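The values are calculated or read from the model by the stated rules, or taken from the named source; none is laboratory data. Source: prediction; values computed, not measured. Here Cβ is always computed from backbone atoms with ideal geometry, including for glycine, and neighbour counts include all displayed protein chains. To get the accessible areas, we keep the full protein, side chains included, count just its heavy atoms, and leave off ligands, DNA and RNA. Shrake-Rupley method; radii C 1.70, N 1.55, O 1.52, S 1.80 Å.
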Amino acid sequence: MGFSSDPRARFNLEQVSILLLEETPLGMSILVQILNGFGGRKLHRCDSVAKAESIARETELDLLIVDAMASGGGYDFVHWLRNSGIRPNCYAPVLLTAAHTPAAAVTNARDCGAHIVMAKPLTPKAMLDRIIWVARTGRRFVESDKFVGPDRRFKEGGVPEKVGAGRRREDAVQGKG
Amino acid sequence: MSESSKIHVPDVPLGRLIRMPGGKTAGQAIADAEKGLASLQGESMKELNRVLAKAEALYARADGRFDALVVNAFYALINGAIGLPTAGKDRAIDTMLVSLADLLDYYRTSGDWGDKSVQVHLSTFQLLLRTEGVRDPQGTELILAGLRKVSRKAAKG
């Protein structure tokens, strides 16, 4: 694949247009500090689903980092995006972050169309591993009546094995189920 | 897969953009991100103290009984706080918050309420905030293991 999160490997986020959806101000600050640290400059900060939908309609996005939110609005936003027909945004890689996934939302988390679900707390290393993983080209995409999103049947290695202790083990890669 | 499914490989500009000349090494990027997170430490601790005060008020409002409105508000409060301690590199508080969220999620779906189980989490929350930076790691781990047992036991009924 040519690049990885090996400490010596180089990557460049300067020209990457990134939408951040996070409703808590401090949660947003955490995301911004991590992405600024990575060299990200084109950050579209959204504190509501309505704002995220508006940005997704008006701006070409290369990556979305979406919090599930206590209301489950993050799942709904990803589902809306995948079914929106807004190209190329409807195919853009989506990292879904979740503080706690209540039992009632497990199906939503699995089926909303995100590439990866990341359990909080977020760490820079885990975030970078996942950005690099979703940036790999050649990922298949499924559009059917029941599901629109990255193909969950692929057999590809990579993230997120051995990426830290604790809740990182709960992180789910859409595609292994 | 139904017959109406379409499978294709869309163009993903991220893969090209991330390879453009310039940028940073992964090691430098992670170090810079951690430095940025460290700048949020004070704000994170202030916010966690606010969360604790709100959690104690909700616990008092429950008054030892299940109250759907209180439990849902309590769950939303704790759910929103998970991950905030990361800015202060305090994984112990995050572990406690996840355990409390597990517990409250169980209560809000079952209609049960375990006063002592919630109380022990809040007492631990207080303790972890007061001892931030001066904790004994082994003692802290034992306390957190105890909390996880409490939330698992409650969920099993």
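Matching residues to (1) touching a Phe, Trp or Tyr at 6+ places or on another chain (Cβ under 8 Å); (2) over 11 Å from B:A155 (Cα atoms); (3) not hydrophobic (A, V, I, L, M, F, W, C):
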site: B:D94; (1), (2), (3): no, yes, yes
site: B:D105; (1), (2), (3): yes, no, yes
site: B:T109; (1), (2), (3): no, no, yes
site: B:G114; (1), (2), (3): yes, no, yes
site: B:V118; (1), (2), (3): yes, yes, no
site: B:H121; (1), (2), (3): no, yes, yes
site: B:Q126; (1), (2), (3): no, yes, yes
site: B:R130; (1), (2), (3): no, yes, yes
site: B:D136; (1), (2), (3): no, yes, yes
- [ ] Please specify each residue of the stretch B:113-126 satisfying the condition of being touching a helix residue (DSSP H, G or I) at 6+ places or on another chain (Cβ under 9 Å) and either polar (S, T, N, Q) or surrounded by 15 or more Cβ atoms within 10 Å (Cβ to Cβ) (or both).
- [x] B:W113, B:G114, B:S117, B:V118, B:Q119, B:V120, B:H121, B:L122, B:T124, B:F125, B:Q126
- [ ] Output the qualifying pairs, or none if there are none: Cβ atoms under 7 angstrom, residues six or more apart or on different chains, first residue in the stretch B:69-90 and free of Cβ contacts under 8 Å to residues at least 12 places away in the same chain, second residue in a helix (DSSP H, G or I).
- [x] B:G83/A:G27; B:G83/A:I30; B:G83/B:D94
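Restricting the stretch A:90-115 to residues that are β-branched (V, I, T) and surrounded by fewer than 23 Cβ atoms within 10 Å (Cβ to Cβ), which is farthest from A:F147 (Cα to Cα)? Talk me through it step by step, then tell me what you get.
Initial filter on the stretch A:90-115 (β-branched (V, I, T)): A:94, A:97, A:101, A:106-107.
Filter once more, keeping what is surrounded by fewer than 23 Cβ atoms within 10 Å (Cβ to Cβ): A:101, A:106-107.
On the way: A:T101: 20, A:V106: 15, A:T107: 12 Å.
Among those residues, the one meeting the criterion is A:T101.
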TODO: Go through the stretch B:127-140 and give me each residue that's open to solvent by 70 Å² or more (accessible area, probe 1.4 Å) and either at pLDDT below 90 or within 16 Å of the chain's Cα centre (by Cα) (or both).
DONE: B:R130, B:G133, B:V134, B:D136, B:P137, B:Q138
- [ ] Return the total of residues in the stretch A:52-63 being in contact (Cβ under 8 Å) with a residue 40 or more places away in the chain and more than 12 Å from every other protein chain (Cβ to nearest Cβ).
- [x] 1
TODO: Name every residue in the stretch B:111-145 that is of a type outside the set (D, E, K, R) and without any contact (Cβ under 8 Å) to a residue 12 or more places away in the chain, in order of residue number.
DONE: B:S123, B:T131, B:G133, B:V134, B:P137, B:Q138, B:G139, B:L142, B:A145
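Could you name every one of the helices (runs of 4 or more DSSP H) located completely within the stretch B:1-111 that has at least 1 residues being open to solvent by 40 Å² or more (accessible area, probe 1.4 Å) and either facing chain A (nearest Cβ under 7 Å) or of a type in the set (G, A, S) (or both)? Full working, then the answer.
Values: elements: B:13-17, B:26-38, B:41-62, B:68-81, B:91-110.
The helices (runs of 4 or more DSSP H) meeting that bar are B:26-38, B:41-62, B:68-81, B:91-110.
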Task: Residues of the stretch A:97-137 classified as closer than 22 Å to B:E34 by Cα, within 11 Å of another protein chain (Cβ to nearest Cβ) and basic (K, R), total - done: 2
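Residues checked against (1) open to solvent by 20 Å² or more (accessible area, probe 1.4 Å); (2) within 14 Å of chain B (Cβ to nearest Cβ); (3) farther than 19 Å from A:I116 by Cα; (4) not in a helix (DSSP H, G or I):
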residue: A:P7; (1), (2), (3), (4): yes, yes, yes, yes
residue: A:E14; (1), (2), (3), (4): yes, yes, yes, yes
residue: A:S29; (1), (2), (3), (4): yes, yes, yes, no
residue: A:N36; (1), (2), (3), (4): yes, yes, yes, no
residue: A:G39; (1), (2), (3), (4): no, yes, yes, yes
residue: A:A50; (1), (2), (3), (4): yes, no, yes, no
residue: A:I65; (1), (2), (3), (4): no, yes, no, yes
residue: A:G74; (1), (2), (3), (4): no, yes, no, no
residue: A:H79; (1), (2), (3), (4): yes, no, no, no
TODO: Any residue in the stretch A:10-22 that's among the β-branched types (V, I, T): show its pairings with residues that are open to solvent by less than 10 Å² (accessible area, probe 1.4 Å) at Cβ separation under 7 Å, as long as the two are six or more apart or on different chains.
DONE: A:V16/A:G40; A:V16/A:L63; A:V16/B:L14; A:V16/B:I18; A:I18/A:L35; A:I18/A:G40; A:I18/A:L63; A:I18/A:I65
Task: Residues of the stretch A:81-118 satisfying the condition of being in contact (Cβ under 8 Å) with a residue 12 or more places away in the chain and assigned to a helix (DSSP H, G or I) - done: A:L81, A:R82, A:N83, A:N89, A:C90, A:Y91, A:A105, A:N108, A:A109, A:R110, A:D111
TODO: Among the residues of the stretch A:16-27, write down those that are surrounded by 16 or more Cβ atoms within 10 Å (Cβ to Cβ) and either out of contact with any Phe, Trp or Tyr (no Cβ under 8 Å at 6 or more places or on another chain) or closer than 23 Å to B:T25 by Cα (or both).
DONE: A:V16, A:S17, A:I18, A:L19, A:L20, A:E22, A:E23, A:T24, A:L26, A:G27
